[in-house]
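The values are calculated or read from the model by the stated rules, or taken from the named source; none is laboratory data. These figures come from a predicted structure and were not determined experimentally. So basically every Cβ, Gly included, is an ideal-geometry build from the backbone, and we count neighbours across all protein chains shown. For accessibility, only protein heavy atoms count, side chains too; no ligands or nucleic acids. Shrake-Rupley method; radii C 1.70, N 1.55, O 1.52, S 1.80 Å.
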Protein chains: 2
Amino acid sequence: MSNRDFEILETKERVLADNDKEAQRVRDILNEKKIVLINLMASPGAGKTTTLVRLISDLKDRYRIGVMEADVDSDVDARTVMAAGAKVIQLHTGGSCHMDADMTRRGLEGLGVDDLDIVFLENVGNLVCPAEFDVGADKRIMILSIPEGDDKPLKYPLMFTVSDLCMVGKMDTAPAFDFDMDAFCRRVHELNPAEEILQVSARTGEGFDKLEDWIVSVIETKKAK
Amino acid sequence: MSNRDFEILETKERVLADNDKEAQRVRDILNEKKIVLINLMASPGAGKTTTLVRLISDLKDRYRIGVMEADVDSDVDARTVMAAGAKVIQLHTGGSCHMDADMTRRGLEGLGVDDLDIVFLENVGNLVCPAEFDVGADKRIMILSIPEGDDKPLKYPLMFTVSDLCMVGKMDTAPAFDFDMDAFCRRVHELNPAEEILQVSARTGEGFDKLEDWIVSVIETKKAK
């Protein structure tokens with residue numbers, strides 16, 4: 001551990017035959033420890049880190065929170081979420097544009113999860129590749145920010161198909177953009193009728209009560225098992 | 001060709017030994033025909049298509065413009081740029097998160113370039129993988145939109161390193177965001193001192209005079225060779 005107070009782990013992708021088998025290994029670890037893992041996915045700059053900072057601030061007195069920051073490079077996000085009060089590890093993906101289950105398991109081992117209730121994996125900013133890999137998480141949450149536009153379900157359908165919850169982020173900036181919320185929700189539900197959609201703003205806090213109720217429910221359901 | 005008036009070509013990635021060799025094949029085609037190819041890259045929703053629509057509208061009376069729309073799925077962008085007055089082909093990448101040189105060559109063949117002066121490749125929306133592949137283009141242009149934030153050069157350094165021109169897009173929305181332009185430019189130039197940075201808005205037209213001067217210079221330089 002360096003003087004930056006969190007570890008940087010090089011989790012370059014290894015070519016493994018069976019990601020599903022590795023994902024089951026992750027689930028076994030999580031189930032044994034009764035820890036929730038959330039796979040948080042979005043485009044670059046959609047607001048993943050800002051969302052985590054607010055979640056950590058709101059939930060840290062109630063739950064012990066860990067964050068795995070996956071990036072091609074840099075540790076700026078790890079510094080930010082650590083300052084908010086989470087236990088953090090920075091994962092460098094060695095150029096890989098996504099996390100897979102093996103990288104995630106190594107991240108959990110590096111982070112150390114014995115003292116945690118929930119871990120957020122902030123995936124690499126990318127709407128394509130992260131959707132293709134089951135990392136063994138309990139839930140997949142995606143953010144689609146208002147500036148990206150309401151047509152994104154048409155162009156990146158897999159991300160909307162595999163996620164359990166879609167946050168429509170940066171709602172405070174909606175007046176500056178032409179975003180058709182009805183068309184967006186219709187496009188999402190054509191791909192994934194079960195997906196929950198929450199309108200949020202990490203800047204103003206809009207929608208975070210519902211988001212946090214959703215996350216608390218996932219944690220408590222797992223604890224009660 | 002279907003009744004949609006443009007072709008959809010399935011350009012799934014093939015595992016080829018040598019992308020650089022394929023990129024040279026693309027360059028040979030472009031040089032023989034004296035056509036410019038621009039590789040346009042950005043995050044999902046950064047404004048690639050809107051930028052192309054304005055460029056086509058402004059330049060179509062002076063140059064014959066082709067567009068290759070690369071997407072994992074859908075043909076919404078192809079319809080949009082065709083309506084603006086470009087010759088268009090839609091490339092479906094078969095799940096691939098980027099274009100490589102072989103896919104680009106097949107795209108050029110599908111589009112047909114004998115009657116064109118310039119071709120724009122609208123790459124898959126992604127700040128990671130497209131940066132890793134030389135597709136044989138004359139120039140690489142990237143867009144970083146204001147809502148994505150000024151820290152992106154730290155997190156996606158390769159894209160800023162390999163591009164010739166960085167458009168800072170959606171400048172009309174700057175009042176709604178905290179974007180430190182000086183810090184952004186400094187971060188870009190630490191990675192790539194030669195990179196040109198232009199502040200633009202495809203909605204208002206801000207900065208398009210300089211952008212078009214830049215593109216015209218690339219076209220005329222190639223014609224003069």
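For the peptides A:68-74, A:191-197, what is the packing order when you average, over each peptide's residues, the other Cβ atoms within 10 Å and list the highest mean first? Intermediate results must be reported in sequence, preceding the final value.
Details: A:68-74: 23.6, A:191-197: 13.9.
The peptides rank, most packed first, as A:68-74, A:191-197.
For peptide B:97-104, compute the average count of partner chain beta-carbon atoms within 10 Å of each residue's beta-carbon. Numbers along the way, then the final one.
Working: counts 10, 3, 0, 0, 0, 0, 0, 0.
For this peptide, the per-residue mean of nearby foreign Cβ atoms is 2.
Taking the Cα centre as origin and putting +1 on Lys and Arg beta-carbons and -1 on Asp and Glu beta-carbons, what dipole magnitude results for region B:14-224, to the nearest 20 debye?
Working: 26 positive and 38 negative charges, 82 e Å.
My answer is approximately 400 debye.
Only protein chains counted, 1.4 angstrom probe. Which residues of region B:24-49 are at least 30 Å² less accessible in the assembly than when their chain is isolated?
Those are B:Pro44, B:Gly45, which lose 30 Å² or more relative to the chain on its own.
Per residue of B:138-145, how many C-beta atoms from partner chains lie within 10 Å of its own C-beta, taken as a mean?
That average works out to 1.
So how do B:169-179, A:105-115, A:151-161 stack up, highest first, on mean other-Cβ count within 10 Å?
Numbers: B:169-179: 18.8, A:105-115: 17.2, A:151-161: 21.6.
By packing density, highest mean first, the sequence is A:151-161, B:169-179, A:105-115.
Given R₀ = 60 Å, FRET efficiency for B:Asp61-A:Glu196 by Cβ-Cβ distance, to 0.05?
Details: r = 49 Å, r/R0 = 0.81.
That gives a FRET efficiency of 0.80.
Once you average over the residues of B:148-156, how many Cβ atoms of partner chains fall within 10 Å of each Cβ? If you can, show how the numbers build up before the last one.
Working: counts 9, 6, 1, 7, 4, 2, 6, 12, 10.
The per-residue average across the peptide is 6.
All other residues with a Cβ under 14 Å from the Cβ of A:Ala23 taken together, and with Lys, Arg as +1 and Asp, Glu as -1, what is their net charge? Intermediate values should be presented prior to the final figure.
On the way: positive: A:Lys21, A:Arg25, A:Arg27, A:Arg105, A:Arg106, A:Lys139, A:Arg140; negative: A:Asp18, A:Asp20, A:Glu22, A:Asp28, A:Asp100, A:Asp102, A:Glu132, A:Asp134, A:Asp138.
With Lys, Arg at +1 and Asp, Glu at -1, the net is -2.
Pop out the carbon and sulfur fraction of the accessible area of region B:14-224 as a percent, whole number, probe 1.4 Å. Please report the intermediate quantities before stating the final value.
Details: 3590 of 7630 Å².
Carbon plus sulfur share of accessible area: 47 percent.
Hey, which of these cross-link pairs are over 25 Å Cα-Cα: B:Lys60/B:Lys139; A:Lys33/B:Lys155; A:Lys152/B:Lys34; A:Lys34/A:Lys60; A:Lys60/B:Lys170?
Those over the limit are A:Lys33/B:Lys155; A:Lys152/B:Lys34; A:Lys60/B:Lys170.
Looking at A:Trp214, A:Val119, A:Ile29, which one has the Cα that reaches farthest to the positive end of the dipole of region A:14-224 (charges on Cβ: Lys, Arg +1; Asp, Glu -1)?
The Cα lying farthest towards the positive end belongs to A:Ile29.
Mind grabbing the accessible area of A:Arg54 for me, 1.4 Å probe, Å², rounded to tens?
Surface accessible to solvent at A:Arg54 totals approximately 70 Å².
Using the Kirkwood radius over Cα pairs, work out the Stokes-Einstein diffusion coefficient for the protein assembly as shown at 4 °C and 1.567 mPa s, in µm²/s as a whole number. Kindly include the intermediate steps, with their values, before the conclusion.
Working: Rh = 22.6 Å.
Value of D from the Cα-based Kirkwood radius: 57 µm²/s.
Does a label point 7 Å from the Cα of A:Thr161, set along Cα-to-beta-carbon, have any residues of region B:90-109 with amide nitrogen under 18 Å, and which are they?
Backbone N within reach: B:92-98.
Enter the accessible area per residue of region B:14-224 (Å², integer; probe 1.4 Å; all protein chains in place).
Numbers: 7630 Å² over 211 residues.
Normalised by residue count, the accessible surface of region B:14-224 is 36 Å².
Suppose we compare each residue of region B:160-186 in its chain alone and in the full protein complex with a 1.4 Å probe; which ones drop by at least 10 Å² of accessible area?
B:Lys170, B:Thr173, B:Ala176, B:Phe177, B:Asp178
How much net charge surrounds A:Ile146 when only other residues with a Cβ under 13 Å from its Cβ are counted (Lys, Arg +1; Asp, Glu -1)?
Working: positive: A:Lys152, A:Lys170, A:Arg203, B:Lys170; negative: A:Glu148, A:Asp150, A:Asp151, A:Asp172, A:Asp178, A:Asp180, A:Glu206, B:Glu148.
The answer is -4.
Residues in region B:133-160, backbone N under 19 Å from the label point at B:Asp28 (7 Å along the Cα-to-beta-carbon vector): list them, ranges by number please.
Within reach of a label on B:Asp28, which here means backbone N under 19 Å from a point 7 Å along Cα→Cβ, region B:133-160 contributes B:134-138.
Taking 30 Å as R0, compute the FRET efficiency from the Cβ-Cβ separation of A:Arg186 and A:Asp209 and round it to 0.05.
Details: r = 25 Å, r/R0 = 0.84.
Step by step, r from the Cβ atoms, then E = 0.75.
In terms of solvent-accessible area of protein heavy atoms at a 1.4 angstrom probe, what is the ranking of A:Glu148, A:Glu7, highest value first? Present the calculation step by step, with values, prior to reporting the outcome.
Values: A:Glu148 15, A:Glu7 60 Å².
From most exposed to least exposed: A:Glu7, A:Glu148.
Treating only the Cβ atoms of Lys and Arg (+1) and Asp and Glu (-1) as charged, compute the dipole magnitude of the protein assembly as shown about its Cα centre; round to the nearest 20 debye.
On the way: 58 positive and 84 negative charges, 36 e Å.
About 180 debye.
Under 5 Å between amide hydrogens, which residues at least 5 positions from A:Gly95 or on another chain qualify, with H placed 1.01 Å from N in the peptide plane?
The answer is none.
Can you give the accessible area buried between chains B and A, summed over both chains, with a 1.4 Å probe, in Å² to the nearest 100?
The summed interface area works out to 2500 Å².
Where does chain B land at 222 nm, in deg cm²/dmol rounded to the nearest 500, when only DSSP H runs of n ≥ 4 count, each adding -39500 (n - 2.57), divided by all residues?
Working: 8 runs with 85 residues, N = 225.
Calculated from helices alone, the mean residue ellipticity at 222 nm is -11500 deg cm²/dmol.
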